[in-house]
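Structure first, commentary second.
The values are calculated or read from the model by the stated rules, or taken from the named source; none is laboratory data. Since we're looking at a predicted model, the values are computed, not measured. When we count neighbours, we look across all protein chains shown, and the Cβ atoms used for this are built from the backbone with ideal geometry, even at glycine. Please note that ligands, DNA and RNA were not included when accessible areas were found on the heavy atoms of the full protein model with its side chains. Shrake-Rupley method; radii C 1.70, N 1.55, O 1.52, S 1.80 Å.
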Amino acid sequence: MQLITTIAAMRTARADVANLGFVPTMGYLHEGHLSLVRRAKAECGCVAVSIFVNPTQFRPNEDFGRYPRDLERDLALLAAEAVDFVFAPDAAAIYPEGFGTYVVLPAADEFLEGAARPNHFRGVATVVCKLFNIVQPTRAYFGQKDAQQSVVVRQMVRDLNVPTEVVVAPTVREADGLAMSSRNSYLSPAERAIAPTIYQALVAAQACYQAGERDAATLKATLSARLAAEPALQPEYISAADPLTLHELTTIGPQGALLSLAVRLGSVRLIDNLLLV
Ligand code: AMP
């Protein structure tokens, strides 16, 4: 496994590879990330993983400064997966003095995470576009956990004719259902015990959907009622949206729905979703 920190060295390494799988991450890796790495390895043979806590996707009041970082541990986990290249640039390499071009998808800020975190997806689309230009992957792997992120990346790739195939893989969960996330490390033991209620609430609404309910308000109320059992869980939004456009639905049709939510638990903000199909 080769650890690469400069753009020039990444380009050189990439030049010799025909089929390259790519997994962009912010590090502090868990099984969710590793599931993407394994899939990329199986499908492409050669895999690059980036580790970069991207400052432009955090708002000033968010957790950029305290975002968990442990490069040594990450490198050990990636070496065990026979990853070929780890690209871990510093912020000055990605955003040098005078940097001034952003990839903006104005519509993304109208919905869900985009509405809750203005400019977040500008940062995401910009860094993913830059990483795609540097790494030039054949295929890039993203998690369904960040559903809107994958919608944004797919649109950016389509709109800008990026020659990379985007693959979205299922959310990996802890045994009790909590979606794996680097941010779970912020949870106190008491909060960690409450957090699985988020998934249980999604599953309660999914059961309602599977029993034939198609009214979005009813499904969201089911989710909300299950969440309310734990007053420490403060929902920021609860949504039933078209899986492709992310437009909020009133009735769920044949296209199904992306049921998603963001909640605050103490000082931690968690997101999760299920696809209703
Ligand atoms: P992050 O390091 O949080 O930016 O995530 C890097 C990639 O891993 C993104 O494509 C995420 O959607 C994906 N990912 C994060 N958590 C999970 C999970 N629990 N299951 C599957 N993919 C995940």
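One residue alone among Ala190, Ala204 is more than 16 Å from Asp272 (Cα to Cα), of a type in the set (A, V, I, L, M) and without any contact (Cβ under 8 Å) to a residue 24 or more places away in the chain, and that residue is Ala190.
Mind checking which residues of segment 14-28 are farther than 21 Å from Val168 by Cα and open to solvent by 50 Å² or more (accessible area, probe 1.4 Å)? If the condition is that a residue be farther than 21 Å from Val168 by Cα and open to solvent by 50 Å² or more (accessible area, probe 1.4 Å), then Ala15, Asp16, Ala18 are the ones that fit. In segment 250-265, the qualifying residues are those that are in a loop (DSSP other than H, G, I, E, B) and out of contact with any Phe, Trp or Tyr (no Cβ under 8 Å at 6 or more places or on another chain), and the one that is most open to solvent (accessible area, probe 1.4 Å) is Pro254.
Whether a residue is in contact with a strand residue (DSSP E or B) (Cβ under 7 Å, 6 or more places away or on another chain), in a helix (DSSP H, G or I), assigned by TED's automatic domain parsing to the domain that holds Asp272 and of a type in the set (Asp, Glu) was assessed, and Glu236 does not pass this test.
Can you spot a residue in segment 54-67 that is within 22 Å of Gly21 (Cα to Cα) and touching a residue at least 12 places away in the same chain (Cβ under 8 Å)? Break it down stepwise before answering.
Just the residues of segment 54-67 that are within 22 Å of Gly21 (Cα to Cα), to begin with: 54.
Those left that are additionally touching a residue at least 12 places away in the same chain (Cβ under 8 Å): 54.
Looking for residues that are within 22 Å of Gly21 (Cα to Cα) and touching a residue at least 12 places away in the same chain (Cβ under 8 Å), one finds at least one in segment 54-67, hence yes.
State all residues of segment 40-78 that are closer than 22 Å to Ala15 by Cα and assigned to a helix (DSSP H, G or I); if no residue qualifies, say none. If the condition is that a residue be closer than 22 Å to Ala15 by Cα and assigned to a helix (DSSP H, G or I), then Ala40, Lys41, Ala42, Glu43, Cys44, Leu78 are the ones that fit.
May I ask you to list the residues in segment 216-249 that are among the charged types (D, E, K, R), more than 26 Å from Ser267 (Cβ to Cβ) and open to solvent by 60 Å² or more (accessible area, probe 1.4 Å)?
The answer is Glu248, and nothing else.
When Arg59, Arg69, Arg38, Arg11 are checked against the criterion of being open to solvent by 70 Å² or more (accessible area, probe 1.4 Å), in the same structural domain as Gly143 (by TED's automatic domain parsing) and within 20 Å of Val172 (Cα to Cα), a single residue qualifies: Arg38.
Being open to solvent by less than 60 Å² (accessible area, probe 1.4 Å) and not in a helix (DSSP H, G or I) is the filter here, so list the residues in segment 186-212 that pass it. Once the filter is applied, which keeps residues that are open to solvent by less than 60 Å² (accessible area, probe 1.4 Å) and not in a helix (DSSP H, G or I), segment 186-212 yields Leu187, Ser188, Ala195, Pro196, Gly212.
Screening Arg183 on (1) within 20 Å of Phe64 (Cα to Cα); (2) within 11 Å of the ligand (Cβ to nearest atom); (3) surrounded by 22 or more Cβ atoms within 10 Å (Cβ to Cβ) shows it passes everything except condition (3). Residues in segment 125-176 that are acidic (Asp, Glu) and in the same structural domain as Val23 (by TED's automatic domain parsing): Asp146, Asp159, Glu165.
Residue count for segment 114-155 under the criterion of being closer than 21 Å to Ser181 by Cα, more than 9 Å from the ligand (Cβ to nearest atom) and of a type in the set (Lys, Arg): the result is 1.
Name the one entry in Ala76, Ala80, Ala48 that is within 19 Å of Phe22 (Cα to Cα), in contact (Cβ under 8 Å) with a residue 40 or more places away in the chain and not assigned by TED's automatic domain parsing to the domain that holds Gly266.
Ala48
Report yes if Asp90 is of a type outside the set (Lys, Arg) and touching a residue at least 12 places away in the same chain (Cβ under 8 Å), otherwise no.
Values: of a type outside the set (Lys, Arg): yes; touching a residue at least 12 places away in the same chain (Cβ under 8 Å): yes.
Answer is yes for this residue.
Looking at the structure I just gave you, is Glu31 within 16 Å of the ligand (Cβ to nearest atom), open to solvent by 30 Å² or more (accessible area, probe 1.4 Å) and touching an Asp or Glu at 6+ places or on another chain (Cβ under 9 Å)?
Details: within 16 Å of the ligand (Cβ to nearest atom): yes; open to solvent by 30 Å² or more (accessible area, probe 1.4 Å): yes; touching an Asp or Glu at 6+ places or on another chain (Cβ under 9 Å): yes.
When the stated conditions are applied, Glu31 passes them.
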